[in-house]
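Report on the following structure.
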Amino acid sequence: NIKDKLYKDFWPASLHVIGKDILRFHAIYWPAFLLAANIMPPLRVFSHGWILSGDEKMSKSKGNILNPIEIINQYGIDELRYYLMKEVSHGSDGSISLKNLENCINSDLANNYGNLCQRIFTFIKNNCDGKVSKTKNLSNSDHKLIKETSLLTKNLRELMENQKLNSYIKSVIDISFLTNKYINDEEPWKHKKENLEKMNNILYLSLEQIAKISILLSPIIPNKASKVLDALNINKDSRNLDFLEGKNLFNNHININNLEILFKKITI
């Protein structure tokens, strides 16, 4: 029946994530109960730490609790997810504050990833009628961007499989930094009149980078990443990690849709 099929498809769990204060029950007693019932225990148990307010565990009695609903309403759910994944190392305790949240939103999301998306989409809409193409005549700078991105993505699967999510995010956001620098150095706007092929190659590679970054960030900021991938016309079946093995995300042409501002910079 359907229950047996679901059980066989999803059990034993490859990873069981629990809080460190209930580790003994889930790592000793519960597996023993399962084995006694001839049921395989989870293949791995991973214990995460506490989210601290200052240097103390959040507690109602201490009155140091940060209300997640209030934070989401003020800053956004993707923004909070990103901050927690980046700032709190899985397996350790992590201290959070609203000031650090605001700094993180500004530096990583608004000024980096969000700015990258906005500047490229706006330029292509205003100057290329929403369409760019790539040729085989890539420059040394183009090849350098591709190579350096490949180096940054090399260990991402290993980081994910070992729950090193903050290191994973750092590598992905470094790709965004790298792409912003590439655009600043290559200045596609300067080639509009004299070298359209070069301009198109720069813009195409920039969109390709944005697509890779957005797919990699999808588990962390699913709502905002989905908006970018929708604007790139990448269907949901293609939003996977096949590009890490060399599969192309696009053919040699990309048509884009409008993209709204993703992240508002916070005045601190």
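The values are calculated or read from the model by the stated rules, or taken from the named source; none is laboratory data. Everything numeric in this text was worked out from a predicted model, so none of it was measured. Here the Cβ is made from the backbone with ideal geometry for all residues, glycine too, and neighbour counts use every protein chain on show. Remember, those area values only see protein heavy atoms, side chains included, never the ligands or the DNA or RNA. Shrake-Rupley method; radii C 1.70, N 1.55, O 1.52, S 1.80 Å.
Data overview
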{"read-out": "Residues of region 149-176 satisfying the condition of being of a type in the set (A, V, I, L, M, F, W, C) and under 19 Å from Ser218 (Cβ atoms)", "value": "Leu152, Leu156, Leu159, Met160, Leu165, Ile169, Val172, Ile173, Ile175"}
{"read-out": "Per-region count, region 32-77, residues in contact (Cβ under 8 Å) with a residue 24 or more places away in the chain, among the β-branched types (Val, Ile, Thr) and under 19 Å from Asn103 (Cβ atoms)", "value": "3"}
{"read-out": "For Leu80: the one exception among (1) farther than 20 Å from Ile18 by Cα; (2) in contact (Cβ under 8 Å) with a residue 24 or more places away in the chain; (3) surrounded by 14 or more Cβ atoms within 10 Å (Cβ to Cβ)", "value": "(2)"}
{"read-out": "So Lys212, is it over 24 Å from Lys154 (Cβ atoms), open to solvent by 10 Å² or more (accessible area, probe 1.4 Å) and either touching a residue at least 60 places away in the same chain (Cβ under 8 Å) or of a type in the set (Lys, Arg) (or both)", "value": "no"}
{"read-out": "Any hit, region 132-148, residues being of a type in the set (A, V, I, L, M), under 17 Å from Ile220 (Cβ atoms) and either free of Cβ contacts under 8 Å to residues at least 24 places away in the same chain or not in a helix (DSSP H, G or I) (or both)", "value": "no"}
{"read-out": "Where Ile221 falls short, out of the listed (1) aliphatic (A, V, I, L, M); (2) without any contact (Cβ under 8 Å) to a residue 12 or more places away in the chain; (3) closer than 17 Å to Tyr82 by Cα", "value": "(2)"}
{"read-out": "Leading residue by the ranking (farthest from the chain's Cα centre (by Cα)) among those in region 112-131 that are assigned to a helix (DSSP H, G or I) and without any contact (Cβ under 8 Å) to a residue 24 or more places away in the chain", "value": "Asn126"}
{"read-out": "Among residues of region 243-268, those that are closer than 26 Å to Asp78 by Cα and of a type outside the set (S, T, N, Q), counted", "value": "13"}
{"read-out": "Number of the condition not met by Leu109 [criteria: (1) of a type outside the set (Asp, Glu); (2) under 30 Å from His16 (Cβ atoms); (3) open to solvent by less than 30 Å² (accessible area, probe 1.4 Å)]", "value": "(2)"}
{"read-out": "Top-ranked residue of region 87-111 - restricted to ones that are among the charged types (D, E, K, R) and closer than 19 Å to Asn67 by Cα, ranked as modelled with the highest pLDDT", "value": "Glu102"}
{"read-out": "Condition check for Ala225: touching a Lys or Arg at 6+ places or on another chain (Cβ under 9 Å), crowded, with 18+ Cβ neighbours inside 10 Å and modelled with pLDDT of 95 or more", "value": "yes"}
{"read-out": "Complete set of residues in region 153-166 that are open to solvent by 50 Å² or more (accessible area, probe 1.4 Å) and assigned to a helix (DSSP H, G or I)", "value": "Arg157, Glu158, Met160, Glu161"}
{"read-out": "Residue ID - least open to solvent (accessible area, probe 1.4 Å), chosen from residues in region 228-258 that are more than 28 Å from Asn137 (Cβ to Cβ) and touching a residue at least 60 places away in the same chain (Cβ under 8 Å)", "value": "Leu241"}
{"read-out": "Residue within region 181-190 that is at pLDDT 95 or above, under 26 Å from Met85 (Cα atoms), of a type outside the set (Gly, Ala, Ser) and surrounded by 13 or more Cβ atoms within 10 Å (Cβ to Cβ) present", "value": "no"}
